[in-house]
Amino acid sequence: MQRDIRRELQDRILILDGGLGTQIQARKLTEADYGGHPGCNDYLAVSRPDLLAEIHAAYFEAGADIVSTDSFNANPISLADYGLQDRVYELNKAAAALARSVADRFETQDGRPRFVAGSVGPTNRSASMSPDVNDPGLRNVTFDELAEGYAEQMRGLIDGGADLILVETVFDTLNCKAAVYAL
């Protein structure tokens with residue numbers, strides 16, 4: 001089915017899903033659910049796609065028009081905490097493809113277009129603030145590193161079927177600028 005989010009926005013208000021992380025936390029997952037990467041919600045796209053599909057479906061059933069991907073921290077900087085920095089593209093593509101498949105299923109059922117927002121979070125580092133109060137000029141990430149990581153993340157999201165990119169939870173405007181630049 002042909003989806004045109006701009007056209008839909010001209011005709012009606014589109015409803016975005018709610019929090020994905022809170023829905024995941026409510027499931028009381030075990031270490032096994034995370035496929036050897038405890039606490040890495042972004043890995044659930046490959047270790048527990050059934051769980052994420054259930055959450056996406058629940059939001060569509062509740063009336064959402066857009067679901068966001070399970071990719072908030074799926075950038076190389078944040079995924080390095082789990083040793084997964086080399087799997088950025090794969091995890092983002094999987095998260096978007098999973099959300100896209102659920103959106104397509106609901107779209108087929110009633111003909112109403114459904115959309116996927118590729119979720120891009122802030123990373124766990126700040127380009128504007130020093131991690132050391134005794135060295136205010138110190139930075140543990142550069143603008144270029146952020147932009148490169150965001151670009152890799154966004155390529156996976158787009159290739160997986162995301163209709164739009166959602167840069168969310170901005171705590172550092174320079175990080176946000178790197179995300180917009182990457183996009």
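The values are calculated or read from the model by the stated rules, or taken from the named source; none is laboratory data. For clarity, every value in this text was computed on a predicted model and none was experimentally measured. Please note: Cβ atoms are built from the backbone with ideal geometry, for glycine as well, and neighbour counts cover all protein chains shown. Note: accessible area is taken over every heavy atom of the protein model, side chains too, but ligands, DNA and RNA are not part of it. Shrake-Rupley method; radii C 1.70, N 1.55, O 1.52, S 1.80 Å.
Descriptive notes on the structure:
- Hey, Phe72 out of contact with any His (no Cβ under 8 Å at 6 or more places or on another chain) and closer than 29 Å to Glu145 by Cα or not: yes
- Candidates Ala74, Ala64, Ala58, filtered to the one that is of a type in the set (Gly, Ala, Ser), surrounded by fewer than 17 Cβ atoms within 10 Å (Cβ to Cβ) and modelled with pLDDT of 95 or more: Ala58
- Members of segment 66-88 found to be of a type in the set (S, T, N, Q) and assigned to a loop (DSSP other than H, G, I, E, B), listed by number: Thr69, Ser71, Asn73, Asn75
- In segment 91-117, the residues that are in a loop (DSSP other than H, G, I, E, B) and buried (at least 24 other Cβ atoms within 10 Å of the Cβ): Arg114
- Taking the criterion of being charged (D, E, K, R), in contact with a strand residue (DSSP E or B) (Cβ under 9 Å, 6 or more places away or on another chain) and more than 18 Å from Gly121 (Cβ to Cβ), the only residue of segment 53-85 that qualifies is Asp65.
- Matching residues, segment 118-167, being part of a helix (DSSP H, G or I) and open to solvent by less than 70 Å² (accessible area, probe 1.4 Å): Phe143, Leu146, Ala147, Gly149, Tyr150, Ala151, Glu152, Gln153, Met154, Gly156, Leu157
- Number of positions in segment 22-46 that are in a helix (DSSP H, G or I) and exposed (fewer than 13 other Cβ atoms within 10 Å of the Cβ): 5
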